[in-house]
Amino acid sequence: MTESTLVLVLNAGSSSVKYQLIDMLDGSRAAAGLVERIGEVNGRLLHTPARGERRERLRVFADHAEALAAVAEELAADDLGLGSPGLAAIGHRVVHGGQRFAAPTLIDDEVVAEIRRLIPVAPLHNPANIVGIEVARALRPDLPQVAVFDTAFHSTVPEAAATYAIDRKTAEQHRVRRYGFHGTSHQYVSRAAARLLGRDPAELNMIVLHLGNGASASAVSGGVCVETSMGLTPLEGLVMGTRSGDADPGLVFHLHRVGGLTIDEIDDLLNRRSGLVGLCGDNDMREVLRRAGEGDGDAQLAFDVYVHRLRKYIGAYYAVLGRVDAVVFTAGVGENAAPVREAACAGLSALGIEVDPALNAVRSGAARLISPDHGRVAVAVVPTDEELEIARQAFALVHDDI
Ligand code: ADP
């Protein structure tokens, strides 16, 4: 019998589904793709098999069920269908696992019901994740399906860091606490950074900066997360592409009472019209850097606010950890934007944090050090791979179960 080594990773968003079929023998991608604009007239499926041509389908995908059925057809056309004996499991990215899910979890009806009960704390994400799970279970009811939670890696954050200083009864009633997100990436990157340093994660303290369109920092001690910058929702913390990150909660009352904005308008403002886009009109760091380089004042301010917040978090997490062995940059901005890395670490040499300009300027897709040889703290760039981490966790769980 063929050994089943393939894991299908599904990331279902509100109007999109991203997928990767990963071979756990070597982490290679047998296929990858996405369906976007589900429920709209101009739907699009892009399928990239490891062997053969990339295929695009432009049509209406009425809902997630139609979108996943179309993905299944594309995979079947490559002999990699959901019915393939090579498929060991399906791993689902689930954004919010609340306090219940601190580890990857084999999905059954009760688990789906619990993810549903968490919708009030993740109204934008968990509903889409549930639809992805339900459609995939209907397509392959016999196959192990595993939920991997974005919050799980942060479940070890101590109460002192996870608790908001508000009335405790109200907080408990509405499950208000700091959960953190991007956990799968922080977990993957902190382990990959330990490998890069040739050290055991158990003996390392590090600050991981995941800077994508969304952005978050975490403090990881001995492989365990002890602090993270996102909170009840992904709005808290660093400046992001379209989110404000930390802001005085009082501005919500001010904009409502004095500015006359509704709660929904403020929600939209802080989540979609703030951060880099709010400050300069562009949420893509490439554009911000290009414009700032041409002397554009708005773009320069956006860059300055972004890196000021980053530096502040590096300092804060240094204090949380007491000793720092590594500062690690990852995700689109962290992996590619040398000026952000340089500015975020500028002026921190008294803390042992230094960036070597020549190493920082190297463009590479590999994990690498950018600190000088004499640096007390290793500064590293480590590409993240959330899909591979989800596949690994799902595969490990299925194998433990057998
Ligand atoms: P997501 O959060 O959507 O997964 P990514 O981790 O892919 O995001 O990061 C996307 C962001 O990375 C883009 O919005 C852009 O700002 C930034 N980015 C990508 N490439 C570069 C680059 N070469 N230089 C600067 N920023 C980049």
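The values are calculated or read from the model by the stated rules, or taken from the named source; none is laboratory data. What you are looking at is a predicted structure, and each value in this text was computed from that prediction instead of being measured. All Cβ positions, even for glycine, are placed from backbone atoms using ideal geometry, and neighbour counts span all protein chains on display. Ligands, DNA and RNA are stripped out before the accessible areas are found, and what is left, the full protein with its side chains, is counted by its heavy atoms. Shrake-Rupley method; radii C 1.70, N 1.55, O 1.52, S 1.80 Å.
For a protection proxy built on the mean count of beta-carbon atoms within 10 angstrom, sort 167-178, 101-112, 221-232, 45-56 highest first, please.
Ranked from most to least packed, the peptides come out as 221-232, 101-112, 45-56, 167-178.
Report the Cα centroid-to-centroid distance between segment 84-147 and segment 286-306 in angstrom, as an integer.
Between the Cα centres of segment 84-147 and segment 286-306 lies a distance of 40 Å.
To check my understanding: the extent here is largest minus smallest coordinate of the Cα atoms along each principal axis. What are those three numbers for segment 291-381, in Å, largest first?
Per principal axis, max minus min of the Cα coordinates gives 38, 29, 21 Å.
So what J values fall out for segment 342-357 if you push phi through Karplus, 6.51 cos²θ - 1.76 cosθ + 1.60 with θ = phi - 60°, rounded to Hz, Gly and Pro as x?
5, 5, 5, 9, 5, x, 9, 5, 5, 8, x, 9, 9, 10, 7, x
Mean shadow of the chain, computed from the convex hull of its alpha carbons, in nm²?
21.8
For every other residue with a beta carbon closer than 13 angstrom to the beta carbon of T156, add +1 if it is Lys or Arg and -1 if Asp or Glu, then tell me the sum.
Cβ neighbours under 13 Å give a net charge of -1.
Quantify, in whole percent, the carbon and sulfur part of the accessible surface of the chain (1.4 Å probe; protein heavy atoms only).
That share works out to 53 percent.
Can you give the FRET efficiency to the nearest 0.05 for H308 and D26, using r as the Cβ-Cβ distance and R₀ = 41 Å?
That gives a FRET efficiency of 0.45.
Report the convex hull volume per residue for segment 9-75, counting only C-alpha atoms, in Å³.
For segment 9-75, the hull spanned by Cα atoms encloses 67 Å³ per residue.
How are the Cα pair distances of segment 241-281 distributed, in percent, across 5 Å bins from 0?
Cα pair-distance distribution for segment 241-281, in percent: 7, 26, 29, 25, 12, 1.
Compute a Gaussian network model of the chain, connecting alpha carbons closer than 10 Å, and tell me which residue from R368, R309, R199 fluctuates the most.
For the chain, modelled as a Gaussian network with Cα springs under 10 Å, the answer is R199.
Would you work out the relative contact order for segment 236-324, in percent, from Cα pairs under 8 angstrom that are 6 or more residues apart?
It comes to 28 percent, rounded to a whole number.
Would you mind counting up the charge near G13? Only other residues with Cβ under 13 Å from its Cβ, with Lys and Arg at +1 and Asp and Glu at -1.
Taking every other residue near G13 into account, the sum is +1.
Pop out the ³J(HN,Hα) list for segment 102-112 in order, Karplus 6.51 cos²θ - 1.76 cosθ + 1.60 with θ = phi - 60°, rounded to Hz; leave Gly and Pro as x.
9, 8, x, 9, 5, 7, 9, 4, 5, 5, 4
For segment 44-89, what does the equivalent ellipsoid look like in terms of its semi-axes, each the square root of 5 times an eigenvalue of the Cα gyration tensor, given largest first in whole Å?
Ellipsoid semi-axes (Å, largest first): 19, 15, 7.
How many nm separate the modelled label positions at I263 and D284, each set 7 Å beyond the Cα in the direction of the Cβ?
3.6
Take the Cα pairs of segment 190-332, get the Kirkwood Rh, then feed it into Stokes-Einstein at 25 °C and 0.890 mPa s and tell me D in µm²/s.
150
Could you give the length gained on full extension between A165 and R199, defined as 0.36 nm per residue of separation minus the Cα-Cα distance, in nm?
In short, 8.5 nm is gained.
Testing the spin-label approximation: label points 7 Å from Cα along Cα→Cβ at L106 and D79. State their distance in nm.
For L106 paired with D79, the spin-label model returns 3.1 nm.
May I ask for the angle, rounded to the nearest 10°, between helix 64-77 and the longest principal axis of the chain, with both axes built from Cα atoms and the value confined to 0 to 90°?
It is inclined by approximately 70 degrees.
Under the Karplus relation 6.51 cos²θ - 1.76 cosθ + 1.60, θ = phi - 60°, what is the ordered set of whole-Hz ³J(HN,Hα) values for segment 299-306, x standing for Gly and Pro?
Ordered by residue, 3J(HN,Hα) equals 5, 5, 5, 4, 4, 5, 5, 4 Hz.
Once you place label points 7 Å from the Cα toward the Cβ at H374 and Q99, how far apart are they in nm?
In this crude spin-label approximation the distance works out to 5.0 nm.
Of the candidates H308, H182, H154, which one comes out as most mobile in a Gaussian network treatment of the chain with C-alpha springs shorter than 10 Å?
H308
Add -39500 (n - 2.57) for each DSSP H run of 4 or more in the chain, then divide by its residues: what number comes out at 222 nm, to the nearest 500 deg cm²/dmol?
-11500 deg cm²/dmol
Springs between alpha-carbon atoms under 10 Å, Gaussian network over the chain: tell me which of A337, A138, A152 tops the mean-square fluctuations.
Of A337, A138, A152, the most mobile in the Gaussian network model is A138.
Using Cα pairs under 8 angstrom and six or more residues apart, how large is the relative contact order of the chain, in percent?
Rounded, it is 14 percent for the chain.
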